[in-house]
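The next block holds one structure in the form of structure tokens; read it before the comments.
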Amino acid sequence: MIRGRYFEFKGRPAVRFRCAYQCSKQTLWKAVSEPDELAHWFPSRVRIDPYAGGDIEFFPDQHADPETGIVLVYSAPRTLAFTWSGDEIHFEVEPTAEGCALTLVNVLEVRNTAARIAAGWSVCLTDLNRFLDGSDVSGHRGEMSSEWRPLYQTYLGEGMPSGAMIPGDST
């Protein structure tokens, strides 16, 4: 299981993941920055203007209007950061002796979303692993995945901040 941890990022609540990959930095960069590659593992289809200050659009549902964010940092092939709703998403790609590593930080608008968001990223980053290994991955699963609920329960058991509504959950 890919695990995230809760922490404070410049005084704001956040979750952080660090994953190692046995691929080139360029391959990982493409996977986290190009819409056709993101489609395999990211929780939403995207369109991105690849420069700081550009727009990023999220298409979580083909029948809904897109959500729009702002690209905060676009420094290929290392750093991409953008806003999504009230959150900030930061990707940092760096070389390692075995290949490369991705650090993902999701700065949260609301603290009580930490466990929900961490479980969703755990699912998505597992899909990124599968994609980079050459497996067929459906993408866009996040909170709708059958893997999500057990991960969420694990984060709750660890005391990660929680309590936010879970989309589609009537309990």
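What follows is calculated from the coordinates using simple rules that are stated; it is not laboratory data. Owing to the predicted nature of the structure, the values given are computational and were not obtained by experimental measurement. For neighbour counting, all protein chains shown are included, and Cβ atoms are generated from backbone atoms with ideal geometry for every residue, glycine included.
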For the chain, modelled as a Gaussian network with Cα springs under 10 Å, which listed residue fluctuates most, THR68, THR83, THR96? THR96
Applying a 10 Å radius around every beta-carbon, put 7-13, 84-90 in order of their mean neighbour count, most first. 84-90, 7-13
Gyration tensor (alpha-carbon) shape descriptor, the chain, a/c threshold 1.5: rounded
Can you give the extra length, in nm with one decimal, that the chain gains between GLN22 and SER135 once fully stretched, where that is 0.36 nm per residue apart less the Cα-Cα distance? 39.2 nm
Let's test the formula: R0 of 22 Å, r as the Cβ-Cβ distance of ASN112 and ARG78. What FRET efficiency results, to the nearest 0.05? 0.10
Counting only residues 5 or more apart in sequence or on a different chain, those whose built amide H sits under 5 Å from that of SER44 are HIS140
What does the C-alpha gyration tensor say about the overall shape of segment 42-111? Classify as rounded when a/c is under 1.5, otherwise prolate if a/b is larger than b/c, or oblate. prolate
